[in-house]
Each structure stands twice: as structure tokens, then as C-alpha cells.
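Nothing in this text is a laboratory measurement; each read-out follows from the coordinates by a stated rule. Quick caveat, the model's predicted, so the values are computed rather than measured. We place every Cβ from the backbone using ideal geometry, glycine too, and count neighbours over all the protein chains shown.
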Amino acid sequence: MQIQEQGWTHDFPLNPIIKKQYLVLKPKKNESLYTCLLREGGESIDNALTITRTLASAPLELTIVTFQGRIVGIERGDTRDSCYGVAVDIDTTTIVAQLVDLNSGRTMSTASMINPQFPLGSDVLSRIHYARQESARIHELASLLRNAVNELIARLFKSVGTDLNHCYIISVAANTIMLHLFLGIDPQSLGCYPYRPVFLEALQCNASDLHIQASSFAVLQCLPGLSGFVGADISAGLLALNLTDTKENILFVDMGGVPMEKWQFLSMEGL
């Protein structure tokens, strides 16, 4: 099966939620380094204990990493040129990831693979059925997806010769059931009426909480879904095509899981 890795999106202003800033700390008289960092660098500090320990041994010349204005990490010296994120699309059949330079918005590399859960069930309902058999299987299914994401991240950074410790955000889109399984959340309620998801909201956590290989203070963000069977993959498509504010009637087709040779006769002009 050939996996579709490339796509199209509209132009948009570059304003990543992860930013880097170089600082030379100049604490005032009787001011702690922590207070100085907060005053000069951000609205608040996450991972306060880790950052405080780093401050104890770090030079006064450092780079802060902020997420939505909050300081999430600090690095020695000036590392502003190395600021990357990874976008991941987890389909029932395939997984595609792209490495993005957050300074320029440029896509640096793309990697893909067959979803390693596929031998355990060819569709989402069979995955739910598989998970239902034993409680340990939810962990098994989650581990398969997380290991796959780690493999793709490693391939992306190796392909451009960059250290994956400079990956600060992983943004994940998937159908609702795949997102549940990726996070290790029991999807049983989606397998029967009224097909109620445990969550649809955008969720975020430390990437390390899911053993995702990236910076030690990288953020993992799951996009929001719309319903039990209209997931974050559709939300991502609507955003990518700038369809969120249109008043027109639009047919949006998700071709996920269909072999390329079956639909390569289609074109954008023909849709």
C-alpha cells in the first residue's frame, strides 16, 4: 500500500504556541534567579521544580522555551535556531508524521508507516472488540501507537540530522477511537449505543507522560473531535482547508485507509 504523505493547506500567519527567547538574566538586588526569570521571561512557570534545579547550575545566558506564554523549560546558551514540532495523523490504517521548523513554518521531513494495530483489527470496531477481551489490551494497543510515533519522530530527526531533544511540541490528530487508544483511555462506550466518547476536548500533557521521545519538557497536544465518529482528523482537515467560517455547503471527503491505486483517478478539479 502506498501511503499519501503530502497535502495542501491555505496560507496562514506563523504564530506557533511554542516560542524561544534568549535572555541574559540580570537579577536585581536581593532578587532570586527564579523571580528574575519570571520577570524577564514569561507570564508563569510550569515545571517549577525542574526549572529551579536547572537554574542552580545554568549560566545567566540562557534560552527559555514558552508554551502559550508560560515558561516550560530553559536551555544553556542561545538555542533559538533549533525549535521544532511534529504533527502526527493517526489513521486506523496508517500513521503519517511531519517535522516542522517552528521558526519558519517550513515542513522539514515526512515519515509514514502502517498502523501497527492493523493486524489486531482492520477497523475501529474490531479494535474496540479486541480491547474488550482483556484489560491489559488497552495498554497493548496504546503502546503500539506510542512506539510507532516514537519511531516516526526518530526517523524525521535523523533524516535532517537534528537532535530530537529540540522537539518541543507534538500535535496529534486522529479519529476519536484512535485518540482514546493512543492515550490509553478505554473506548468501550464508543462501541455501543449511544456511542458516547469519554472526551472530545483538546487535551494536552507532557510528552514524557506517554513516553514520547522529545525534549524533556515537550508538550503533547491532541486536537479536539466533534463527535464519537467525527474525530480530530476531520477537525484538522477543516482547519487546514480554512472551512471553519464558510457559509457554503461543502463536501469534505476523508479517504483514509483506501489504497492509492483505488482513488488516484480523482483530482481536486473533479471533486
*Tabulate in residue order the Karplus-calculated ³J(HN,Hα) for the range 180-188, using 6.51 cos²θ - 1.76 cosθ + 1.60 with θ = phi - 60°, rounded to whole Hz; enter x for Gly and Pro.*
4, 5, 4, 8, x, 9, 4, x, 4
*Taking Met108, Met178, Met255 and counting other C-beta atoms within 10 Å, the order from fewest to most*: Met255, Met108, Met178
_Between Arg132 and Arg155, how high is the FRET efficiency from 1/(1 + (r/R0)^6) when r is the Cβ-Cβ distance and R₀ = 45 Å? Nearest 0.05._
0.85
_Estimated 222 nm signal from helices in the chain, with DSSP H stretches of n ≥ 4 weighted -39500 (n - 2.57), rounded to 500_ = -8000 deg cm²/dmol
*If R0 is 35 Å, what FRET efficiency do you get for Thr93 and Lys247 from their C-beta distance, rounded to 0.05?*
0.55
*Determine the gain in length on full extension of the stretch Glu31-Cys192; use 0.36 nm per residue of separation and subtract their C-alpha separation, reporting nm with one decimal.*
52.1 nm
_Between the range 131-175 and the range 192-212, the Cα center-to-center distance that results, in Å_ = 14 Å
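Using a cut-off of 9 Å between beta-carbons, work out the net charge of the residues near Cys83 (Lys and Arg +1, Asp and Glu -1, Cys83 not included).
+1
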*trypsin sites (Lys or Arg not before Pro) within the range 6-115, DSSP loop, no more than 16 other Cβ atoms inside 10 Å*: Lys28, Lys29, Arg80, Arg106
_Built amide H within the under 5 Å cut-off of Cys167, gap 5+_ = Ser215
*How long are the three semi-axes of the equivalent ellipsoid of the range 84-240, in whole Å, if each is the root of 5 times an eigenvalue of the C-alpha gyration tensor, listed from largest down?*
26, 16, 14
*Quick one: work out the % antiparallel among DSSP beta bridges in the range 84-240, nearest 5.*
65 percent
*Within a Cβ distance under 11 Å of Tyr168, other residues only, what is the Lys/Arg minus Asp/Glu net charge?*
+1
*Longest segment of the chain lacking GluC sites (Glu not before Pro) that sit in a DSSP loop with at most 15 other Cβ atoms within 10 Å*: 44-133
*What label, among (i) 5, 18, 20, 16, 15, 13, 9, 3, 0; (ii) 5, 17, 16, 9, 7, 5, 6, 12, 15, 6, 0; (iii) 6, 26, 31, 22, 11, 4, 0, 0, belongs to P(r) over Cα pairs in 10 Å bins from 0, in percent computed from the structure on display?*
(iii)
_Cβ-based exposure ranking for Val72, Val96, Val86, in which fewest neighbours within 10 Å come first_ = Val96, Val72, Val86
*Which order results if Leu99, Leu25 are arranged by neighbouring Cβ count within 10 Å, fewest first?*
Leu25, Leu99
